[in-house]
Structures are given as structure tokens and as C-alpha cells.
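Q: Mind having a look at this structure? Questions to follow.
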Amino acid sequence: MEHTGPLIVVLDFGAQYSKLIARRVRETKVYSLIVPYNIPMDKLRAMNPAGIIFSGGPSSVHQEGSPKPDPEVFRLGVPILGICYGVQLFAHMLGGKVERAPEREYGIAYLEHRDTTGLFADVDSFTQVWMSHGDRVVTLPEGFEVIGKTQNSPFAAIAHKERKLYGVQFHPEVVHTPKGKRILSNFVHTLCGCDASWDMGSFVEASVQAIRQKVKNKKVLCALSGGVDSSVAAVLIHKAVGDNLNCVFVNNGLLRKGEPAMVQRVFRDNFHINLDYVDAEDRFLSALRGVTDPEKKRKIIGKVFIDVFEEEARRLGHMDFLAQGTLYPDVIESTSATGGPSATIKSHHNVGGLPEEMNLELLEPLNELFKDEVRTLGRELGLPEEIVGRHPFPGPGLGVRCVGKITRKRLDTLREADAIFIEEIKKADLYGDIWQALVCLLPVRSVGVQGDERTYEEVCSLRAVTSEDAMTADWFRFPPEVLLRVANRVCNEVKHINRVLYDITSKPPSTIEWE
Ligand code: XMP
């Protein structure tokens, strides 16, 4: 991404927290990017960073093959802040000594320091920090001094002031280090000399320029799902290349109530984006007929999507780029220094998964941003709140919420119940407090009584969770009257449902979606 202001580069050594560092720096209004720890030095130099941060990482410097940067990085003359593993790299590579600590230090500690003008300016001389490390520095490299200590870490913060090398054993990027943002801000502004000029407006400008430069007069194809990411990507790219962007929106029959109309209204009518609406409902539903196995459903939906999308793309004529709303967390999961393959819990079907034979170049303008940054960007671009603020919705849609056989009738039932649930959540002003809310239709029928009549109808389960990143989730504590209203309305207004449950399992052990 082109940018005009100063840049802080984060070298990623594979820490779970490394994702946070770049965004914390951006919160201080300085642009920041993450690159792999082994980036070639000429590339790094060409980025002209005002400062470099070494992220933490789970490795030990003594492990064979542990990630180490090119030693040349210390000769670039650019201030460096090493975090956790980053500090151990200083010690290990510049002539100090690192040892395995007798015990892993994990959790809250208190940093003592006397610095009033440098890294710890405006940070209380006794301040809470978050530690998580197994190795520790025992001998400082030449020229370094201690600038802060904790009870268990005599070298909790070190510096070589002349060379502007700073190291902290703790994690300033996490919320458990309350003054962490101030510390990062001191590094970025005071020690690296960056001014606070970056914001989403400048991101838009720089992005638009970069997209124009890359795309020139060529054609861009975008699979628009109506979700936050693809919507923001589409509007951003449209701003850059106008009618050279072609969006394809596939109605797979598994969408929420009113979704196809809403997407067409926003993108075609408001933004005047070339939007190709494909009604493929019959095709999806016939491919799914009789299928109950969750993985089979996912595979079928993914496959039919690619087929439909490819056919449509061919119909549109020659395309050069495929736009995707890939976010930074998606990127890091596949490139992190230590990221290994994890067990497949569900085969995720992300709309826009690149059909390889199409031979299109990828355009991923959001791949440096986090979800909430993408929301801010969407607002900056004028997207309505009903899109930027919406809960995540899975690619296979209601297909994985219609447990058991998928039929149009059951989907219509589910759509109605879902719309009521979301409407009541919004009315109670709880939508923003919930990560995701959904309704599942269960493959069970139960007996009920409605107006003196015996009924034998479907059962649905409401699910609402809070979460940071969907990896773990907790069930949302509703005021009981909200649940009561939803249950009453669903049973009264939705034909074919006579029983409503509320799901109180967290993730793990349950996933957010039922299938
Ligand atoms: P689970 O059910 O695995 O879901 O706890 C975690 C988050 O991912 C969403 N999800 C998907 N998103 N394609 C997507 O783009 C998918 O195939 C898919 N499956 C689940 C889910 O809604 C939740 O937010």
C-alpha cells in the first residue's frame, strides 16, 4: 500500500499478539504495517520505515531454526523496539545472554522505572504490565542499560539510547498493560519522530491511488456478499476505478429476509456500482435436496457458488483482477512465522474464494486492516450502518442454520424467525453489544397448543454470543423480557414454529454456527 506519511514496520515473529501491535500504532495516528521477520533487507529499506518493532513470538532464541531477522536490520540506523521475544533477539544477536527462566513468567507484573522523557514518559513510575515469557535476558549486550525492572525481571526494559534500540520484556500492545498505548506512542512519536497525521481518510486517499496505479484501465471482478468486508472493498475499489469494477451478487436462496433487495438498493441505487444480480436459488436448493450432513452441505454450497460465479464471470467478458475483502487476520493466519495447519472443524466457504483456473490477479485492498478498522473505513466511505455495523454471516448462510433437510419452506420459516430475533435485539438496543445473533431451525418437531388446537411443528433455537475474534465466544445474557418477546412473536407470527429455545453454550465446546 502506498502511503505518504511516516511508516512503522512490525517484523512478525509469530506471536499471537503481533496482530495487535500494528493496529495499536495506527491508533496513535501513524501508519503501520506487518511484514514477515525474514523480509529481505533491500525490501525493508525500500519501505523507508521511521521505526521498526520486533513482535514477540513463541520461540526460544536457542531453538534450532527459531526465527531471526537479518542482522543487517541493526545497521539500518532506524530506531527499533523489541517486544518480548524481540528483546531476547537483541541480547542474543548483539552479544548478551539469554537463558531459560526457572519458571515461566505469565500474567500481571509491575514495572518500575525512572524515565521521564523517553519510552516511559508520562507513564507512572510504578505501572502494571503484562508478561508472558519463558526465556529471559541475563547479560545485557554492550552499550545497553536497564531502563525498567519488575520483581522477577531485572531486565524488564532495556535500551541502547545512542543506537535507539529499545526492548521491553512485557507486552505493551495488550489491554492488560494499561499504559501500553502510551509507551508505543512514545516510541513512535518521540523516539522515531513520527507526526500524528494518519487516519482513515488518508488510508482512503492512499488506497485509491494505489488501486488506480495497479488496475490502470483494466477490469475488476468482485464477488459481493453484502457482508462488511466485501462491501467495503467494493466501495473502495469503485471509488478508485468506477465502472471498471463489476460486482457479482449471487442469491443462493440461503440469505436473510430482504437481503437481495437491500444489497441491490445500496450498491446499485446509492453507489451506482455495476451490480450483476444472479438468482441461483433453484440451483442451490436442488443441489442441496435431501442433504443433511453439515460438511456435505458446506461443500455443495461452495462448489455451486464457484460454478455460478465462474459462469457469470465468463458472461461478463474478460476480467483482469479479482477483488477480495481479505482482512489482516485472514492473512496472518496463513503466513505467520509459526502458523501451522490446524484441524478442520468446518470447511469454511468464503464467498469469493479464488477459482484458480480463472487466472485473475488478486486485489485485496483491506489486507492490512482489522475488522473494526474496516468498519471505520466503511463509515468513512459513506456505507450505511446497516452494512458496516452488521454481524458476521457465514458464506453458506442459512444452509448451516437449517439443521436437517434444507427446503424452501423451512428456509422461509427460518428467515421469518431470524428477522424477528434481529428486530427485537435492535429494538432493545443490544445489537452492538452482541458479536453475532442467529436462529437455527432444528430437525425436531414438538407438540404444542395454539388457540385450543394441538400443533405438531418445528423447533428453533436462538443463539447470541459475545466474542473478540470468533475463536472463542460466550453466550449473551439477555434481559429475560427480550427473550420472552422474541419467543412470543416467533410462535405467533411464524407459521410452523411452536417452540423456541435459547442456546447457552459457549465456544468451545460449541461452535457459533450449529453446523
Ligand atoms: P464457528 O461456527 O466456526 O464460526 O464458531 C465462527 C465464525 O465464522 C463464521 N462462519 C463462516 N464465515 N464462511 C464464512 O465466511 C463460512 O463458511 C463460515 N462458517 C462459519 C460464523 O458465522 C462465525 O462468525
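The values are calculated or read from the model by the stated rules, or taken from the named source; none is laboratory data. Given the structure is predicted, the values throughout are model-derived calculations rather than measurements. A quick note on method: Cβ atoms are made from the backbone with ideal geometry, for glycine too, and the neighbour counts reach across all protein chains shown. Side chains included, ligands, DNA and RNA excluded: accessible areas come from the protein's heavy atoms. Shrake-Rupley method; radii C 1.70, N 1.55, O 1.52, S 1.80 Å.
Q: Could I have the simple spin-label model distance between residue 108 and residue 126, label points 7 Å from Cα toward Cβ, reported in nm to one decimal?
A: 1.4
Q: Now, a different point. Over segment 7-191, what is the relative contact order in percent, taking alpha-carbon pairs closer than 8 angstrom and at least six residues apart?
A: 22
Q: Here's another thing I want to ask about it. With a cut-off of at most 12 other beta carbons within 10 Å, and DSSP calling the residue loop, which trypsin sites (Lys or Arg not before Pro) in segment 409-480 qualify? Please list them.
A: 477
Q: Continuing with the same structure: Of 42, 452, 372, which has the most accessible area and how do the rest follow, probe 1.4 Å?
A: Ranking 42, 452, 372 by accessible area, largest first, yields 452, 42, 372.
Q: Give the long-range amide H neighbours of residue 473: residues separated by 5 or more places, or on another chain, with amide H under 5 Å away, using H modelled in the peptide plane at 1.01 Å from N.
A: It is 507, by chain and number.
Q: Here is a follow-up. Per-residue HN-Hα couplings for segment 382-395, Karplus 6.51 cos²θ - 1.76 cosθ + 1.60 at θ = phi - 60°, whole Hz, x for Gly and Pro?
A: Along segment 382-395, the couplings run x, 6, x, 4, 4, 9, 5, x, 7, 5, x, 9, x, x Hz.
Q: Once amide H atoms are placed 1.01 Å from N in the peptide plane, what residues at a sequence separation of 5 or more from residue 360, or on another chain, have their amide H within under 5 Å of its amide H?
A: Result for residue 360 returns nothing.
Q: Turning to a different aspect of this structure: Would you be so kind as to identify which of 407, 248, 200 lies farthest towards the positive end of the dipole of the chain, taking Lys and Arg as +1 and Asp and Glu as -1 on Cβ and the Cα centre as origin?
A: After comparing all options, I get 407.
Q: Enumerate the amide H contacts of residue 225 below 5 Å, restricted to partners 5 or more residues apart or on another chain; note that Pro and chain-start residues carry no placed amide H.
A: 230, 231
Q: If you find the alpha carbon centre of segment 441-515 and of segment 100-160, how far apart are they in angstrom?
A: With segment 441-515 and segment 100-160 each reduced to a Cα centre, they are spaced 50 Å.
Q: Whole-Hz Karplus ³J(HN,Hα) for segment 184-193, in order, using 6.51 cos²θ - 1.76 cosθ + 1.60 and θ = phi - 60°, x for Gly and Pro?
A: Those phi angles translate into 5, 5, 4, 4, 5, 7, 7, 7, 9, x Hz.
Q: Quick check: net charge around residue 470, other residues with Cβ under 11 Å of its Cβ, Lys/Arg +1 and Asp/Glu -1?
A: Combined, the nearby Lys, Arg, Asp and Glu give -1.
Q: Write out the GluC sites (Glu not before Pro) in segment 467-505 meeting two conditions: DSSP loop, and at most 16 other Cβ atoms within 10 Å of their Cβ.
A: Taking segment 467-505 and a limit of 16 other Cβ atoms within 10 Å, the loop GluC sites (Glu not before Pro) found are 468.
Q: Can I ask one more? Through the Karplus equation 6.51 cos²θ - 1.76 cosθ + 1.60, θ set to phi - 60°, convert the phi angles of segment 365-381 into ³J(HN,Hα) values in whole Hz; use x for Gly and Pro.
A: Values per residue, Gly and Pro as x: x, 9, 6, 10, 10, 9, 3, 6, 5, 5, 5, 4, 4, x, 5, 4, 7 Hz.
Q: Going down the list 68/299; 405/427; 19/214, which pairs span over 28 Å between their C-alpha atoms?
A: 68/299; 405/427
Q: Hey, another quick one. Over the chain, with every protein chain in place, what whole percent of the accessible area is carbon and sulfur at 1.4 Å, could you tell me?
A: Roughly 48 percent, rounded to a whole number.
Q: Could you please report the charge total around residue 317, scoring K, R as +1 and D, E as -1 over all other residues with beta-carbon less than 14 angstrom from its beta-carbon?
A: So the environment of residue 317 carries a net charge of -2.
Q: Towards the positive end of the charge dipole of the chain, with charges on Cβ (+1 Lys, Arg; -1 Asp, Glu), say which of 456, 101, 224 has the farthest Cα.
A: Comparing the listed Cα positions along the dipole, 456 ranks first.
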